[in-house]
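Below you'll find the structure, written out as structure tokens, and then a few comments.
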Amino acid sequence: MDGEYLCILGRKSEVINVGGEKVYPVEVENVLLDMPNVKDVTVSAMSNPITGQVVMARFNLFEAEELPAFRRRMREFCAPRMAAYKVPAKVEIANDAQYSERFKKVRKAHQHELEAESCEGSK
């Protein structure tokens, strides 16, 4: 609540819990969308054995960029703008649309894919 205004940051089910700290995906997306060369971004949770969850971001870029260079640039951009636990620990560059047919951001489908990959990788 901000004075007499109520600010809705997202759904309770979308809140990311990083070691007890609450992260709202929309808040992180708003910062990341201000980066140069970022067309769109979707932020979601990814399971982590130490902190419970970490922040994960899937980016659509205007122009192709090497992932290591982009990841470094993103961390430098985020450092003065948000707390360290809110900065995405996992970064992906995607070419596919990040919206459903109803124009809602697709967060959970990508989270389930990542968890399946991590389970397969640990075998």
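Every read-out reported here was derived from the displayed coordinates using simple, explicitly stated rules and does not represent laboratory data. Everything numeric here is computed off the predicted structure, so don't read it as measured data.
Computed values, structure above
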{"item": "Inverse mean reciprocal Cα-Cα distance (Kirkwood Rh) of the stretch 5-94, Å", "result": "13.5"}
{"item": "Additional length obtainable on full extension of the chain from Asp34 to Ile93, 0.36 nm per residue less Cα span", "result": "19.6 nm"}
{"item": "Amide H contacts under 5 Å for Val41, placed H, 5+ residues apart", "result": "Asn60"}
{"item": "Chain lengthening between Val106 and Tyr5 when straightened (0.36 nm per residue, less Cα-Cα)", "result": "33.5 nm"}
{"item": "Placed amide H near Asn48: partners under 5 Å, 5+ positions off or other chain", "result": "Gln53, Val54"}
